[in-house]
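Down below is the structure, laid out as structure tokens.
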Amino acid sequence: MIHGGAGAILYNAGCGSVLNVDGIVECDASIMDGRTLDAGAIAGVRGVWNPVLLARAVMEKSEHVFLIGQGAERFARDHGISFEDSEYFLTEARIAQLTKAKGKQAISLDHSQTNEPKLGTVEAVARDRFGNLAAATSTGGVANQLWGRVGDSAIIGAGTFADNASCAISCTGIGEHFLRTSLAKTAALFIEYRGMHADEAHANEAIRYLVDKVHGFGGLIIVDRKGACARAHSTPGMVTATAENGEVRLQTA
């Protein structure tokens with residue numbers, strides 16, 4: 001992530017995350033191994049330089065799946081996860097965004113307007129040459145969120161899911177909508193039990209389900225067990241990229 005006086009941001013994760021109602025960065029993250037269904041997740045952590053690394057440590061070095069707040073931070077220190085001072089995570093742009101959101105008495109999502117930069121949740125899905133799938137998601141949430149709020153990015157089956165029997169999926173948007181629909185797991189079940197593939201039609205059907213059920217606002221990325229990739233969103237835009245055999249393709253619409 002970019003940090004500095006110019007207030008530059010790459011995404012809403014780690015340094016450059018959105019600020020909660022108290023002007024503090026609290027990060028959520030999760031990771032899942034589609035081969036074993038092992039998973040790790042953390043929520044409401046402060047000062048952790050790379051929240052996904054902490055989620056992976058929970059998966060690999062504990063008997064648990066989900067740690068939160070001070071407990072997750074203590075676990076991070078016990079396992080050598082890097083921390084930064086609170087000032088490291090602040091950027092001028094996020095401070096301005098919080099001021100604007102407070103003025104409207106509303107939360108704010110990066111990709112909620114067509115004229116705003118698409119700097120939201122960091123999502124990643126992958127398939128290796130053996131057909132194993134994995135997914136990871138990291139976010140600072142939504143600007144002006146209440147202290148202690150947890151979105152879908154930390155929740156296995158809502159914002160993140162991976163199973164070699166179906167697909168790996170990661171989501172972005174208003175977390176409450178994905179929590180209420182368990183969308184990551186729901187989309188995976190479309191593939192596993194309907195015999196679908198990760199193509200535009202499947203991705204769009206998952207987003208259509210989100211919109212039809214809760215007027216949901218967000219997007220998702222998918223790679224299935226055969227290596228097919230797909231994306232869809234109900235927001236004005238979503239930035240994604242795919243990489244295969246050294247070739248990278250970027251999509252910004």
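None of the figures in this text is laboratory data; all of them are computed from the coordinates on show. All values reported here derive from a predicted model rather than from experimental measurement. Methodologically, a virtual Cβ is constructed for each residue, glycine included, from the backbone with ideal geometry; neighbour enumeration extends over all protein chains shown.
Tabulated results
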{"item": "Residue satisfying all of: in region 127-169; over 16 Å from the mean Cα position of the chain (by Cα) and of a type in the set (D, E, K, R); farthest from S182 (Cα to Cα) among these", "result": "R129"}
{"item": "Within region 239-253, considering residues that are in contact (Cβ under 8 Å) with a residue 12 or more places away in the chain and part of a strand (DSSP E or B), the one nearest to G120 (Cα to Cα)", "result": "T240"}
{"item": "Tally, over region 178-225, of residues that are within 21 Å of D33 (Cα to Cα) and among the basic types (K, R)", "result": "2"}
{"item": "Residue identified as touching a residue at least 12 places away in the same chain (Cβ under 8 Å) and within 30 Å of D224 (Cβ to Cβ) among A154, A101, A106", "result": "A154"}
{"item": "Pick from region 127-147, criterion outside any strand (DSSP E or B) and of a type in the set (D, E, K, R), ranking: nearest to A29 (Cα to Cα)", "result": "D128"}
{"item": "Residues within region 27-56 that are assigned to a strand (DSSP E or B), free of Cβ contacts under 8 Å to residues at least 40 places away in the same chain and in contact with a Cys (Cβ under 9 Å, 6 or more places away or on another chain), tallied", "result": "2"}
{"item": "Search result, residues across region 223-242 that are touching a His at 6+ places or on another chain (Cβ under 7 Å) and among the β-branched types (V, I, T)", "result": "T235"}
{"item": "Flag for A188 being surrounded by 24 or more Cβ atoms within 10 Å (Cβ to Cβ), in contact with a strand residue (DSSP E or B) (Cβ under 8 Å, 6 or more places away or on another chain) and touching a residue at least 40 places away in the same chain (Cβ under 8 Å)", "result": "no"}
